[in-house]
1. Under a GNM of the chain (C-alpha, springs under 10 Å), which listed residue has the highest mean-square fluctuation: 90, 107, 13?
2. Can you give the percent of C-alpha pairs in the chain whose distance is more than 17 Å?
3. Assuming 0.692 mPa s and 37 °C, estimate D for the range 69-123 with Stokes-Einstein, Rh taken as the Kirkwood radius over Cα pairs, in µm²/s.
4. What angle, in degrees between 0 and 90 and rounded to the nearest 10, separates the Cα long axis of helix 74-87 from the longest principal axis of the Cα atoms of the chain?
5. Under a GNM of the chain (C-alpha, springs under 10 Å), which listed residue has the highest mean-square fluctuation: 105, 59, 24?
6. Compute the long axis of helix 14-24 from its Cα atoms, compare it with the longest principal axis of the Cα atoms of the chain, and write down the angle in degrees, 0 to 90, nearest 10.
7. According to the square roots a ≥ b ≥ c of the eigenvalues of the Cα gyration tensor, what is the shape class of the range 1-82, taking rounded for a/c under 1.5, prolate for a/b larger than b/c otherwise, and oblate for the remainder?
8. Distance between Cα centroids, the range 24-43 to the range 50-76: provide it in whole Å.
Ligand SMILES: [Mg+2]
């Protein structure tokens, strides 16, 4: 089974950094356009071990699937830097940066959004991270049996 996992607010804590940056510098409307924003996100609780477990499980063919912030050219590099920092180089080879997630073939997409970046046309099943069904990584792991 091909399984994709989103980055922002699924593996890395975009919202926390966004809220902190907005409090600190309210005049900056898009803190995600600042140098270092994406590289310095904190991991979501349980994400690193869960993603490693999916990757290690022979029944899953695992990829990270993230849409870019196209107005921030740095985000393409910083996402890659983040993946190596927290998951290691092997995961860099599993990183797909794509603005239309519906173009990718696969069975499962774990994402906090079910539309907006092509999720609505993804042909597999979407596990909406943060929803009542999948509020956290423990719930996802239990569904995936890993
Ligand atoms: Mg996201």
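1. Its mean-square fluctuation being the largest, the pick is 90.
2. Details: 6307 of 10585 pairs.
The share of Cα pairs beyond 17 Å in the chain comes to 60 percent.
3. Details: Rh = 12.5 Å.
Translational D for this selection: 263 µm²/s.
4. Once rounded, the angle reads 50 degrees.
5. Its mean-square fluctuation being the largest, the pick is 24.
6. Orientation of helix 14-24: about 10 degrees from the principal axis.
7. Values: a/c = 3.12, a/b = 2.03, b/c = 1.54.
Prolate shape, in that a/c is at least 1.5 and a/b is the bigger ratio.
8. 20 Å
Read-outs throughout are calculated quantities, based only on the coordinates presented, and are distinct from any laboratory measurement. Keep in mind that this is a model prediction, so the values were computed, not measured.
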